[in-house]
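Each remark here refers to the structure printed beneath this line.
Read the figures in this text as sums done on the coordinates, not as results from a lab. Bear in mind the structure is a predicted one, so any value in this text is a computation, not a measurement. Note that each Cβ is placed from the backbone with ideal geometry, even for glycine, and that neighbours are counted across all protein chains shown.
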Amino acid sequence: VPGGATPMTLAEGSIANSSARTLGGDDVADWFRFEATAGRTYLFMSRNYAVPAGVDTTFAIYAGDPSEAPAATLAGMAALGEGLSYTAAVTGTHYALVSRPVDPSVNGLSYTLSGTVIEGLPAVGELTNPLWDTAEVGRWTMSYEAAAATGKPMLVLFSGLRWCPHCILADAVTFSDPAFAAYVAANDLVLVVMDNARRNAAPSYPTEPGLGPTLLREAGYLTAHGLSRADGEAKLEANLAFQQSLALPGSTRIGYPTLLYLRPTPGKAVASVVGRVSYITLETDLATVLRQLDDLRGMAADPAEETDNLASSTTAVLPTPAADGVPVQTAGSIGGIDTTDWRVFTPAANTAWSFHVATAAKSSKNGAAARLTVGVYDSSGTAALPGQRLAEASGAAAGGVTLDFRPPAYGVPYRLCVQIADQPALVDYTIAASATPLSYEAQFEAAAFEAAQQQPQAALRVRLDTVIANDQPVALRYWTEDGTALAGREYTGVADGALVWTAAETGTVPVKTLNIPLTAAGLAPWEGSRDFVVHLEAVQNAKVIGTAAATVRLYCIPTFVDGPALVRALSTGAGAELRLGIANGLGGNLGVLMVSGALPRGMAAKLQGSELVLSGRPTRTGTSTAEFEVRTTVGAATTVGGRVAVTLIVLPVAAINPAAVGSFVGTVFTAGMPEVRGSLTLTASTNGRVQAKVAMQDRTYALTANSWTALSEDGSTFVADLVDARRGVTLSLTVDGTGAGAGVFTLGGEAMDVVFDRVAWHRVTNPALEYAGYYTVSLPVSRDVKATGGSLGYVPFGGGYLAITIAANGRVTYSGKMADGTRVSGTTAVIESMGGLGTPSGHVTIFAPLYRRGGYLSGRLDITPLSRRVAEAACVSACAPAAYFEWSYPGLQPQRGRTADAFTVTVEPCGMAYPKYTTLEAHGIPAAELRTAEAPADAAYAYRLQGQTERAYPMLDAFPEHLPLQVTAGRLVAPSATRPVRQADRSYVYNTGEGSNDSSLRIQYSRSTGVFSGSFRLYYDYQTPTWQHRTVTVRFEGILTPIPGSCCTADPLPLGHGFFLVPDNNAEAGYSFKRSYPIWLGEVVPEEP
């Protein structure tokens, strides 16, 4: 009825969408109302439509009175999918009608109507009227070939000019702005547009164009350029093939709109892609677009951009330096939108590599806080995951970063990754790569050596380690350098000394002594030390590592090495030990006397060899100063030496190290491995009492210590040793001044690594605002199957989920279900640590014993802080090796030996900050699709026939592999249920047309939690010998994660992910159990990049 027609507000630069509509039963028509202006052109199109076979539809536009003849008509929903352009003859209210013939039996017809205002063809060369087969600077063209022939850099826009709202907005914000035109002209750029149809309108996409409105199917454009419909279709296919060739590795497509900067490459059919500007920037911020284009112009000088931004696709190869230690320079550019560069190198046999990476020293573009991280990875990476990191170093970009790397294998490629943070603009940088033969490594055993005045020589020990043995000698050069000790006075200088291992000695003599003659015996006594330096350099068959220069300290009268004054802070209750070295150049018997003051209560002094040891456990706070004097007796003569004043300040734990007080959470790992074995919660009180709980699979262990066991000599690190002798459990921990800690947990003789951090949050004074909120996380099972328990080889490939709440005080509560329906829940806390680039990241350790402690879920979630989140990307993941997630199940009845369905698998968590109480419509999702994997054929129904076990499998025709869902009024609505048709012989025929729902699928979701659930039917048909028809109701469950980006891998995420369970009475197991399969909710929004 026109009076109740749904209003649509149509405007240029945007697309108006109706709600999802259905025409079924007695509902045969939908009326829409819009205001039109004479001479303006309006474009209507249908989207996300499903029409039962044999049902006709009509679209009509009425100019004013709907009782008169329509001004325009179009038959068929598919035709409307390609779009109807209507130019209004009069100004005023217009009506649009979507209708079908009267037939109460029709169900399952659904669609969404979209409309916009389009301008008539503008001047040739404008974005919506591009040149066809020629190209000029500053004008848009459809011809990539013509643009490439100019030899100029190109901007190539992939777009859906008529149907994509992001593309239409990008045109209004960026491409129609005179500033963009001026920039293009000033930089001599050629513009290419690749117009495309809707990508999801053809099941075979991306190999064939879809249906939908496009310039290449628009009569006005084709006629103006003398083209046929066949010309347009051929161009659509070419555009699609071209965009697929330029998609990033691991991606299935290029999203719309995407603007690529291409560098012409002589001799290549396709120019090289330097980089791209995303749809978010194009439709929101012209200034950022131009700034990023400046970055891309600068990057164009690097022949490896854009491929060097991904580990798996980089074609940039570092030149191999000669194995002589002389570096080879490689230049590049980084910064701005280009934050990562990858290079491939292949080490020759028996070589060690060193990389020095630095930005241009005097560039005005250098960011003051810019930091570089340099890492080496193996070649196992994908488009999104870099592979296994083998070495890493980081530091300020201005000073440069040096990374040494000893390859674990030779003749295989490795990848060097250079990353920069806080660098706002593109800046030049260099990689200086050098290689040295890898055979033997030499170094001083210590950075300093002591010698006495009366000794004839100073002995410096040099260690030789075998890396790769050979039959050649090793030669080192050494020389001396004066300090307060002078050559010719205290010692004999050496300008060119040699230290040699013969070929026979390299494998049998690990240490040699380098002797420097001393000449100080006749000099007058002195206090303290006189020093000189000895340098070491490789000459043949070795590399000097570590300490290449050592200091020699000459002492005369007895002297406290740490004197004359020393101040140390101690903690009440914590064991402390200070060792004060004594150097004695006169020999004889040492003695130490406390000449004044006193030590804190609980501390005592004792001479041990050539050290004065102060040790004990102070019991009271306060400051004490004690002065000690050292003396030596040679025969009857006693020489009084130096003194040291030791001030010991005893403070509460919180005053010494505030980070050693409070609550801590951590993770227990398999030693040297990323496998999570348990979780740690730790509480350290202000009086030093330490209480720990270690949750393991078998039980939770509680350990207590009255105080921190010890305090490091520099006061920066507390140490605690907690022991439960009855259960054979020990926990050794250290915590530094930042609250970060590490340790070892020993259980039953197995030592495991512990890593923990202080929970620094407070809901008022230091709230966890960067992490607080509600998160939905899917737990899809990966194909990395670690173990299965029996002949079934059972693995549940469904996806579980977690709902996580992080409070302002950092407390984390999580609950959800595993893919077999098992409930999982727990509490922990979020902690924050700094990454290699100095960027913060949140971490949540998950360890939940399951199945009466017979199994578990374990791992660590990484959470991107709020200020660093990207709208289209996941902010909860477990991509890093340290975040390894594992799910283990012991079998249905392991105590009775029933473990045929046991498994241990990895899971790949991925999630987002989910806005509670919002609808899918609020997320911009007008329609969805339920998707399942292939029918669960391995979940057969076993039955007996003539004494034999036979199996029936689910009927594929009724399996809901792809089922359209309506998103309306905060609900998900499946098509109305249809019923299989029973035949005369008692067999069944299933409805397979569009909109059929023989599975009787039902679905719902919670706006408050994001959890969706429902059920559908599986049918098993078999003959015994008459036809049997068995119905099984299958329930499914999952969680919504409406993230348009990706997580850990390059594949786009589904709207929601979950599982469904199918009973299995397979006789091979000897008992019945349930198999788990994945189920997804797919977003149906073709214009979303």
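Which of 492, 474, 451 sits closest to the plus end of the dipole of region 405-498, meaning its Cα is farthest towards the positive end, when Lys and Arg get +1 and Asp and Glu get -1 on the C-beta? The residue sitting most towards the positive pole is 474. Judged by the ratio a/c of the largest to the smallest principal axis of the C-alpha gyration tensor, region 681-743 counts as prolate, that ratio being 1.5 or greater while a/b is larger than b/c. On full extension, the segment bounded by residue 619 and residue 492 gains 40.5 nm, given 0.36 nm per residue less the C-alpha separation. Computed from backbone phi with θ = phi - 60° and the Karplus coefficients 6.51, -1.76 and 1.60, the 3J(HN,Hα) list for region 748-761 is x, x, 9, 9, 10, 7, 10, 10, 8, 9, 6, 7, 8, 6 Hz; x is used for glycine and proline. Using R0 = 22 Å, the C-beta based FRET efficiency linking residue 944 and residue 984 works out to 0.25.
Sorted ascending by nearby beta carbons within 10 Å, beginning with the fewest, 777, 661 become 661, 777. Dividing the summed -39500 (n - 2.57) terms of all DSSP H runs of n ≥ 4 by the residue count of the chain sets its mean residue ellipticity at 222 nm at -2000 deg cm²/dmol.
A Cβ-based charge dipole, computed about the Cα centre of the chain with Lys and Arg at +1 and Asp and Glu at -1, lands at about 3420 debye. Within straight-line reach of residue 512, meaning a Cα separation under 16 Å, sit the following aspartates and glutamates at least 8 residues removed in sequence or on another chain: 441, 445, 465, 537.
Taking +1 at the Cβ of each Lys and Arg and -1 at the Cβ of each Asp and Glu, which of 649, 816, 174 sits farthest along the dipole of the chain towards its positive end, judged by Cα position relative to the Cα centre? Selected residue: 649.
Between the amide H of residue 71 and those of 61, 62, 63, distances stay under 5 Å, these residues lying 5 or more places away or on another chain, with hydrogens modeled in the peptide plane. Prolate is the label for region 560-651. Its Cα gyration tensor axes, ordered a ≥ b ≥ c, give a/c of at least 1.5 and a/b above b/c. Averaging the sequence gap over all C-alpha pairs within less than 8 Å and six or more residues apart, then dividing by the number of residues, gives the chain a relative contact order of 7 percent. Across region 97-105, rounded Karplus estimates of 3J(HN,Hα) from the backbone phi angles (6.51 cos²θ - 1.76 cosθ + 1.60, θ = phi - 60°) give 10, 10, 9, 9, x, 6, 6, x, 7 Hz, Gly and Pro being marked x. Using a cutoff of 8 angstrom between alpha carbon atoms and counting only pairs six or more residues apart, the relative contact order for region 678-752 works out to 17 percent. Amide H contacts for residue 426 (H built 1.01 Å from N in the peptide plane; partners 5 or more residues away or on another chain; cut-off under 5 Å): 336. Shown in residue order for region 979-985 are the 3J(HN,Hα) couplings computed by the Karplus curve 6.51 cos²θ - 1.76 cosθ + 1.60 at θ = phi - 60°: 10, x, 9, 7, 8, 4, 8 Hz (x for Gly and Pro).
If R0 is 45 Å, the Cβ-Cβ spacing of residue 284 and residue 610 corresponds to a FRET efficiency of close to 0.05. Net charge dipole, region 31-187: roughly 200 debye, given to the nearest 20, about the Cα centre with Cβ charges of +1 for Lys and Arg and -1 for Asp and Glu. Length gained on full extension, residue 223 to residue 379: 50.9 nm, using 0.36 nm per residue less the C-alpha separation.
Scan [x] 10, 29, 33, 18, 8, 2, 0; [y] 11, 36, 34, 15, 3, 0; [z] 10, 28, 35, 24, 3, 0 for the value of P(r) over Cα pairs in 20 Å bins from 0, in percent calculated from this model and give just the label. Of the labelled values, this structure produces [x].
The stretch between residue 712 and residue 389, if pulled fully straight at 0.36 nm per residue, gains 113.1 nm over its current Cα-Cα span. Projecting the Cα atoms of 695, 658, 741 onto the dipole axis of region 648-770, where Lys and Arg carry +1 and Asp and Glu carry -1 at the beta carbon, places 695 farthest toward the positive end. Placing a pseudo-label 7 Å from each Cα along the Cα-to-Cβ vector at residue 962 and residue 687 gives an inter-label distance of 7.0 nm.
Once both labels are positioned 7 Å from their Cα atoms along Cα-to-Cβ, the gap between residue 27 and residue 230 label points is 4.4 nm. With the simple model of a label 7 Å out from the Cα in the direction of the Cβ, residue 766 to residue 472 spans 5.5 nm. Among all the aspartates and glutamates, which ones have a C-alpha under 13 Å from residue 1074's C-alpha, if same-chain residues fewer than 8 places away are not counted? Straight-line reach from residue 1074, under 13 Å: 820, 901, 938, 1064. Amide H to amide H distances under 5 Å link residue 539 with 475, 476, 477, where only residues 5 or more positions off or on other chains count and H is placed in the peptide plane. What the Cβ-Cβ distance of residue 40 and residue 186 gives, at R0 = 45 Å and to the nearest 0.05, is a FRET efficiency of 0.85.
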